[in-house]
């Protein structure tokens, strides 16, 4: 794939880069998105009917088992070339901030550090009552298990529907988006707010905004560079040219 020479020049000279990744990046590793039809025992459910505080209050066992099923899917998935490229990019720029809407931890498994997880991480568990992360608990056979500190039920450490994004993470993401020279939006549908606002904030702040996505999104008409295609193909190709620009 041939990339715009001006984009290569700007990226090669950049000192500050921010990246937002969405479900499309994880989908290339085989992680189902919320828009995909569920399978097996979960085919009759919609994620938005299970991933809510009210659903957990009504039927905590059902929601916990749904969480365990998805965790198993994500554990079997492996980082793809886009994940590994982003981990390498982090070592090359003086300022680099990776922001993700994904909850699978694949960026960290690929080697990325200090990832802002806007929607949490399904591999972590927290107390429903105290909202604190819990690493270990007694296996009593109860589903869901209980918090060893207060006895409340445990839940996944993700942002459910009808819950706000964590304020500290959102604030960090907004500061990164408005302070960077180049903002990459990769594999995001750019429809889930407030995360979807980040690339538009970067545009308003004067950053060069680059979109990598197989299909047009609400951002496409506003981005300075649009690179259609799969993240695992486009991003490594782009990065290869940054490291070794054609003569």
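Each reported figure results from applying straightforward, stated rules to the coordinates on display, with no laboratory input. From a predicted model like this one, the values you see are computed outputs, not experimental measurements. Every residue, glycine among them, receives a Cβ derived from its backbone with ideal geometry; neighbour counts consider all protein chains shown.
Numbers below:
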read-out: Residue among 54, 136, 162 with the largest mean-square fluctuation in a Gaussian network model of the chain, springs linking Cα atoms under 10 Å; value: 136
read-out: Cα→Cβ-extended label distance, 7 Å offset, between residue 175 and residue 138, nm; value: 4.2 nm
read-out: Whole-number percent relative contact order across region 1-124, with pairs defined as alpha carbons under 8 Å at least 6 apart; value: 31 percent
read-out: Semi-axis lengths, Å, region 155-223, gyration tensor of Cα atoms, sqrt of 5 times eigenvalues; value: 22, 16, 9
read-out: Whole-Å semi-axes of the ellipsoid equivalent to region 102-201 (Cα gyration tensor, √5λ, descending); value: 31, 14, 12
read-out: Residue exposure sequence - 69, 160 - by fewest surrounding Cβ within 10 Å; value: 69, 160
read-out: Order of 51, 139, 171, 104 - criterion: other Cβ atoms within 10 Å of each residue's Cβ, fewest first; value: 139, 171, 51, 104
read-out: Ranked 89, 123, criterion: other C-beta atoms within 10 Å, fewest first; value: 123, 89
read-out: GNM result for the chain, Cα springs below 10 Å: residue of 83, 224, 107 fluctuating most strongly; value: 224
read-out: Normalised alpha carbon radius of gyration of region 1-110 [divisor 2.2 N^0.38 Å]; value: 1.37
read-out: Per residue convex hull volume, Cα atoms of region 56-170, in Å³; value: 117 Å³
read-out: The chain, relative contact order in percent, only Cα pairs under 8 angstrom and at least six apart counted; value: 24 percent
